[in-house]
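The block underneath contains the structure these notes are about, expressed in structure tokens.
The values are calculated or read from the model by the stated rules, or taken from the named source; none is laboratory data. Worth saying up front: this structure is predicted, and the values here are computed from it rather than measured. Glycine also receives a Cβ, built like all others from the backbone with ideal geometry; neighbour counts cover every protein chain displayed. To get the accessible areas, we keep the full protein, side chains included, count just its heavy atoms, and leave off ligands, DNA and RNA. Shrake-Rupley method; radii C 1.70, N 1.55, O 1.52, S 1.80 Å.
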Amino acid sequence: MLLKNDDLAGFEALIRWNSPLRGRVGPDQFIKLAEEAGLIVPIGRWVIGAAIRNFTEFQRAFGGMRDLFVAINVTKHYLREAAFLDNLAEHAANQGVRPRQVKIEITESVLIDDHEGAIAWINRCKELGFRVSIDDFGTGYSSLGYLHRLPVDELKIDKSFVETMLSDHRSMAVVRAVVGLAQGLELDIVAEGIETREQAEMLKALGCTYGQGYCFSKPLRADQVMRYLGAT
């Protein structure tokens, strides 16, 4: 959501595993297994394809919402896939999605593991017109030394800080610092894990650009999104 007016700004593609034995399983429980089994790349391709297709359907159904974006999380494995970004650009173009409407999210830990390779990869994203966001910002240890070199568009404040910022002055200090840093670098800032209106109002007052979390909506299936859009 755009915090200044609570307008819908975009979507983030999420994946869940509907296990016949364990029910709905979150990515924190199966992504590591997928990586170890060598399945993370094909799973990622499927997620990206589904996200772009669904986003296209949202646009067709609600044609006036041309400024919306879809955010897609990318693991470190895709930094080694030379053709990944070109294929994504081609897929988006075939579906009528402008590159500017695609936001690629990479975690701070990926940047720390191979920041030179990550910088080159981000530069390629920008050449193709994609927006780039650093996810879980504040949870790593080495980003500040080279953040000014990264041609990113956005920082995302990790939900661990957002959920405790009203009760823990240290978390609040981190949130204030990240917002100030983003503003100084002329970057958008997203707060994850907003659960209450009080949190949303505080983040808006601090100057945070976007917010996401249960305060606005729980994760929705594509058909539920269509109904949600019809009600907004």
Percent RCO, i.e. relative contact order, over the range 1-69, from Cα pairs under 8 Å lying at least 6 residues apart: 31 percent
Estimated distance in nm for a label pair at Tyr146 and Ser160, the labels positioned 7 Å out from Cα along Cα-to-Cβ: 2.2 nm
Rounded to the nearest 10 Å², the accessible area of Phe11 at probe 1.4 Å: 40 Å²
Straight-distance crosslink candidates among lysines, where the alpha carbon sits under 24 Å from Lys126 and sequence neighbours closer than 8 are dropped: Lys76, Lys103, Lys156
Distance between modelled label sites at His77 and Glu116, nm, 7 Å Cα→Cβ extension: 2.6 nm
Contour excess over end-to-end distance, with Cα ends at Ala177 and Gln29 and 0.36 nm allotted per residue: 50.2 nm
Inter-label distance for Asn123 and Ala205, nm, one decimal - labels placed 7 Å from Cα along Cα-to-Cβ: 4.3 nm
In the range 110-192, the GluC sites (Glu not before Pro) that fall in loop regions by DSSP, at most 14 other Cβ within 10 Å: Glu186
DSSP bridge pairs, the chain: antiparallel proportion in percent, nearest 5: 20 percent
Projected area averaged over orientations for the chain, convex hull of C-alpha atoms, nm²: 13.2 nm²
The chain: calculated mean residue ellipticity at 222 nm from DSSP helix runs of at least 4, using -39500 (n - 2.57): -13500 deg cm²/dmol
Segment Leu21-Ala50, length gained on full extension (0.36 nm per residue, minus Cα span): 8.0 nm
Length gained when the stretch Phe216-Ala13 is fully extended (0.36 nm per residue, less Cα-Cα span): 71.5 nm
Under the span-like rule (Cα at least 27 Å along the axis, Kyte-Doolittle mean at least 0.5), DSSP H helices of the chain: none
Computed accessible area, Tyr210, all protein chains, 1.4 angstrom probe, square angstrom: 30 Å²
For q = 0.11, 0.17, 0.24 Å⁻¹, Debye-computed log10 I/I(0) when each Cα of the range 1-108 counts as one equal scatterer: -0.40, -0.90, -1.37
Length-normalised contact order of the chain in % [C-alpha pairs under 8 Å, at least 6 apart]: 17 percent
Ser19, Ser217, Ser109, reordered so the largest accessible area comes first (probe 1.4 Å): Ser109, Ser217, Ser19
